[in-house]
Structures are given as structure tokens and as C-alpha cells.
Amino acid sequence: MQVNKNKRLFSQLARGMTIVFGSAAVLSCASAPEPMPKSENFELTVLHVNDHHSTLDAKQQTLVWADQDWQVEAGGFPRIGAQIKALRAANDHVLTLHAGDAVTGSLYFTLFGSEADARMMNNVCFDAFTIGNHEFDTGDAGLAKFLQQLGSPQCQTAKLSANIQPEVGQSPLTPDNQWQMFKPYTIVKRGGEEVAIIGLTIASKTKKSSQPDKSTEFLDELETAQKYIAEVQQQGVEKIVLLTHIQYERDMELVQQLPGVDVVVGGDSHTLLGDFSEFGMTAAGPYPTELTNVNGEKVCVAHAYQYSLVVGELKATFDGDKIAECGGRPHYLLGEDIQVSDGIVTTYEPIKTALKESGVYSFVEPDAELQSILEDYRSKVDDFSAEVIADVPQQICSQQVDRNRRPGCAQVISSGAHRVVAEAFLHSVPEADFAIQNGGGVRSDIAEGDFTVGDAFTVLPFANTLVKLELTGSEFKQAMEEALAYAVSDGGSQGAYPYGAGIRYSVDLTEETGSRVSDLEVWDKGSRSWQPMSARATYILVTNSFIAGGQDGWDTFYRVSERGRARNTGIDYAQSLVNYARAQEVLQRPDEFATQSYTPLEGK
């Protein structure tokens, strides 16, 4: 490429001078500046994303500011690309990283597999990508196909995970040798400095809640990290980045047990970091989060939320081989068009100014080249989305038990939309005795009129699959109690509340934990009657992979999975709603619900 030839020539002519090569990196698609002389103070800029889950389109988002709701377009992969390219051009010594779960979660993946994501990622050109649990949702073979698509002659993306161990000669990932399609780490040079990037994948969750081949093993994250940190240090590399897909809390635990680590860029927990409180959003911690490793040395930890909404810009300043300072900021990507949700305002400048000065939001125009790639797929997605699969005579509302009933919605104790979703789960997994869907997983009403494929994926927009759990009645009761305790705890979420089909129960949140759930009954298909749930009897439950993995306080579900009594069916949970709606042809507003009676906790 002529630009690169000129760049190398200029580098030779100007040897010894300080030169900024960020803009040339954009032109070459790789964030690889020419080597520069070492210095005592070295700033590494890490641009990063995680958990975009095939979310390529922008979405409408509500921000709360000055006691009003505001609508704005947010994210989308063309904005991700535009922001990364701009920041790459503006900084020296840049790494561009993706911390996993690139695929599954939208119709782009449903229709095109990993192809669309790989094309978009290759255009942005990540220096390294670590394998996430959802990369295994279509088995070792699906991951192998994605890894083959990822990277190009112009963009050499390193595919990483140190603790994935497929069986050589059996798995499509390792037909001939262990590190055939991915490797444990890569070593790159920035400004004359060597930087090691070690990949880690969440072990138990991937094995139990995704679809890896049975012979594929996942090694302990801590032990694996210790092994490869020692290995790169033996090669004289002391600047070490962990590129992890093991969740924010686990990152923080791991850091404090490891030597040598300087930077952790993570994913899996969809963690928002930074101060978003002025705009009605709650973050899990500061960006970046500063910790110390086992040697008492500073470590910078950063995550970049989810669904193509945020680009992280981490500034790690080294004094020799140790971190002197952690800095940078998240860029929550917004379009310029902002509208007030209700009421009239004479000017939008105050909110635009507040967003610009927030230090966490950035106004970004989508990258034209990426937008063009996206359009190659969007027409087919739009056609698929438009297919009408059922009629809805009356609006079926998504309304949680602790909320006031809305006009136009049934004046019942529970949520019709959640009930329909739970029925869809049972339709897709008929061998299950009952189904549970958590409150936070259903994101919209089912509107009156035509119900389309696109509507189903709007109701259930997350990257979840259906998981079967085999558990006793006492284990299910314990899981319910845990979820309800989480729902009313400080920092918890009412989104943990259970909605079901094939099961019913009463809830009294004024009781102590352990006594909040009563009158548990399961529908017996043989006698076609409700029967009390037996503490010792074993039942098959179908639920979404989010709470099957222990999220939202459903801890016992995770323990059951850990004990080998879970199977991921591979059925996309939104697709289960599509299949159910097609079969029903008419979606009626439910009049039966799992929650038989509900007593709220005062003040919650």
C-alpha cells in the first residue's frame, strides 16, 4: 500500500524524532505505530469493546436529565468504528481490543451467522480478540468458522484464549494441533516497548451454559493466568495486559492474586464503568478501576458495557515496567438528534452541552464505510423482521408486579407479556415441567395488531438461549428465595422477579428470607391438575441462559449447572417466541398467571 511505503520512508528520514502515526494507522487498518525509542514514561492507549452480541444497528435510548426524559439514538457498530478510528488517529502507541461475545443476540446472527460481525470487525481491525462464552453457542464448529472469518491479510487480529483446551484431532478448533486457530497470548510492540496480551475465557459458565463440544475443556482462570504470565516474563516481557471474558467481579478478584499484571480489559458481565449518574444511569464502578496486584503494584481495569454502545479509551502510563497512572474515559456513543419524550423545550443546547461536558458521552457520526457494509445485510434483516407470524387482538403488556397498572393494560396482578414468553419456553421444550422468565428479560409490550418476527426480537432482545435445569423442589424453592432477596436488596433489581408457566406460587416480601414463597404448585400433565411441589421430587425447568448462569440473584441455578444438571438447548429465546406465535396464530391476552398473590415490601 503506497501510504505505508511513504510512512516507512518518512520514518527512516526522521529517525530519532517524535512522530505521531495514529492517522496512518487508520489508513492501514492496523493500530501498529512504528517502533520508537524507549523512555521512562510510556503511555499506552487501549481502545476496547466487549459483548456487542451481533448488535450492529443503533438503538433508541432514553436519558433522564433535568427531570425530563430525552430520546436519542445510541451506539451501532458504524459508530464504534468511527470512534475507534478517530481515537486511533489522535493517540500514539494504541492497542485495539475486543473482550469477547462478539456474536449471537440479533437477527444479523440469526440470518448470517458470524459473517456480518466478522466483516465489521475486520474493517475496524482489532489487534486482539479474546473468545467469549457465546462464541460457543453453535459449538466448536461455529467458533472455528468465526475465527476463520476474523482477520485478513490487511488486518492480523490475534485470536486468544489461554484456558480453552479442545481435544486435538477431534474438535474443529484443533484438527492438527492445540494452537491451530487461536493462541494463549500475543506479544506486540508499541513505541519500542513489548506488550504481552493474554486471553482468558470464563470457564465454568462456558462449559455449562453454552454449547462447546463435550471433549472441549476449560482450565481454571487463575492457574492459567499464572502460567502464562510466568511464560511471557521468562521472555523478558514485563508489560502485561489480560484480555478477559470472565466478568468484572472476577477480574477484580483475579488481579489481587496475580503478579506482573498491569492492565485488565474485560467483558461478559456487561459492566458499565464511569459516572453516568447525572443522566439516570448507574455504573458498577469508576472508569478505569484501579487495583493492586499481588506485588502491590497498580493495575488498571476497564470494561466497555454492551451492545455496541461504548468504546473504552484507557490510558495506562508506565514508569519503566510498572503502572504509574491509570486514566482515560468511556465514550458512550450518541447521535446528534435529541428529542424530549414529553413536553416542549425551546432549545436543546443545554442538554447537548451537558452531554459533551459529562466526560462519558460522545457525539459520533457513523463511519460511512461500515454503514455501507451494514446496508448489505440490513435489507434482508428488514424483510425477515417484517414477516407477520400472529395476530394480537388486545395489547399484551409487560408490567412488573411492583409497578402501577398502565392504561390499556389488563388490571391484573402480573404481566401478560412475561406469561406469553414463559408459555413459549414450554412450547419449545415440551419435556420441561415448568418455565421461568425473569422480569428484566422482557423489554417491551406485545402491541395490538400484527405480531412480526422483529417484534419477537424486540420483546426478547438479549443474547439468551433456553437452558434445561434438572433440580429438586427444595432447590427450586431456594432459588426463588434467593432471587426475591436480590430483588429487594440494596443494589439489587426487581428484574429478578420470577414469572412462569406450568407453575404457580404466592409471594410475601414482608416475610423473612426463606419464607417469602409459599403454595408452590406444578401443573401435572398426566392428571391435568395442579399438584403441590414436592421438596424431594426432581423436576425439569426451562429458563433463559442469563438466570440459568446465576445472574439476577438466581444463585442455586448456577450451582445446579455447576453440578452437571444443566443443558443448553441452543434455542434462541426470542426464536422460541417466534415459533410459539406461529403455532398459536393468535396471541391472546393471558388470564392465568404464576403469581397467585403478592405482598410488596414497604418502600420497595
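Values quoted throughout were computed directly from the atomic coordinates according to the rules given, and no laboratory measurement underlies them. Bear in mind that the values here come from a model prediction, so they are computed numbers and not experimental data. Quick reminder, even Gly has a Cβ in these numbers, built from the backbone with ideal geometry, and neighbours come from all protein chains shown.
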Approximate spin-label separation Glu562-Asp402, in nm, with each point projected 7 Å along Cα-to-Cβ:
2.6
Please list, by residue number, every one of the GluC sites (Glu not before Pro) in region 38-80 that is coil in DSSP and has at most 14 other beta-carbon atoms within 10 Å.
Glu40
Filtered trypsin sites (Lys or Arg not before Pro), region 515-545: DSSP coil and at most 15 other beta carbons within 10 Å:
Lys525, Arg528, Arg536
With point charges of +1 on the Cβ of Lys and Arg and -1 on the Cβ of Asp and Glu, referenced to the Cα centre of the chain, which listed residue (Gly335, Phe182, Ser385) lies farthest in the positive direction of the dipole?
Phe182
Taking 8 Å as the Cα distance limit and 6 or more residues as the minimum spacing, I'd like the relative contact order of region 386-599 as a percentage.
33
Anchor Lys525: aspartates and glutamates whose Cα lies under 18 Å away (excluding residues fewer than 8 positions away in-chain):
Glu423, Glu431, Asp433, Glu470, Glu592
Rounded to the nearest 0.05, what FRET efficiency do Glu223 and Glu470 give with R0 = 22 Å and r taken as the Cβ-Cβ distance? Could you check?
0.15
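Tell me whether region 130-235 comes out rounded, prolate or oblate; compute the Cα gyration tensor, take square roots of the eigenvalues as a ≥ b ≥ c, and use a/c under 1.5 as the rounded threshold. The partial results should precede the final answer.
Values: a/c = 1.98, a/b = 1.36, b/c = 1.46.
In terms of gyration-tensor shape, oblate.
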With r as the distance between the Cβ atoms of Leu111 and Ser372 and R0 = 22 Å, compute the FRET efficiency 1/(1 + (r/R0)^6) and round to 0.05.
0.75
In what sequence, highest mean first, do 290-299, 212-221 appear when ranked by Cβ atoms within 10 angstrom?
212-221, 290-299
Quote to one decimal, in nm, the extra length available between Ser527 and Glu290 on full extension: 0.36 nm per residue of separation minus the C-alpha distance between them.
79.4 nm
Please report, in debye to the nearest 20, how large the charge dipole of the chain is about its Cα centre when each Lys and Arg carries +1 at its beta carbon and each Asp and Glu carries -1 there.
1080
When region 559-604 is reduced to its Cα atoms, the Kirkwood hydrodynamic radius in Å
14.9
Loop-resident sites, region 464-526, for GluC sites (Glu not before Pro), counting at most 13 other Cβ within 10 Å (DSSP):
Glu512
Which parts of region 288-328 would a label at Asp275 reach, counting a residue when its backbone N lies under 13 Å from a point 7 Å out along Cα-to-Cβ?
288
Virtual spin-label span in nm between Asp342 and Gln148, 7 Å along Cα→Cβ
5.4
Given a Förster distance of 30 angstrom, what is the FRET efficiency for Asp67 paired with Ser489, based on the Cβ-Cβ distance and rounded to 0.05?
0.65
Consider all pairwise Cα distances in region 386-599 and report the whole-number % of them above 23 Å.
41
Any idea what angle helix 139-149 forms with the longest principal axis of the chain, computed on alpha-carbon atoms, 0 to 90 degrees, nearest 10?
40
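Would you kindly state how much longer the chain becomes between Arg443 and Val586 on full extension, computed as 0.36 nm times their sequence separation minus their alpha carbon distance, in nm to one decimal? Could you put the intermediate results ahead of the total?
Details: separation 143, 0.36 × 143 = 51.48 nm, distance 2.07 nm.
Taking Arg443 through Val586 to full extension adds about 49.4 nm, to one decimal.
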Using label points projected 7 Å from each Cα along Cα→Cβ, tell me how many nm separate Asp519 and Ile187, to one decimal.
6.8
Kindly provide the Kirkwood hydrodynamic radius of region 429-512 in Å, to one decimal, from all pairs of distinct alpha carbon atoms.
14.9
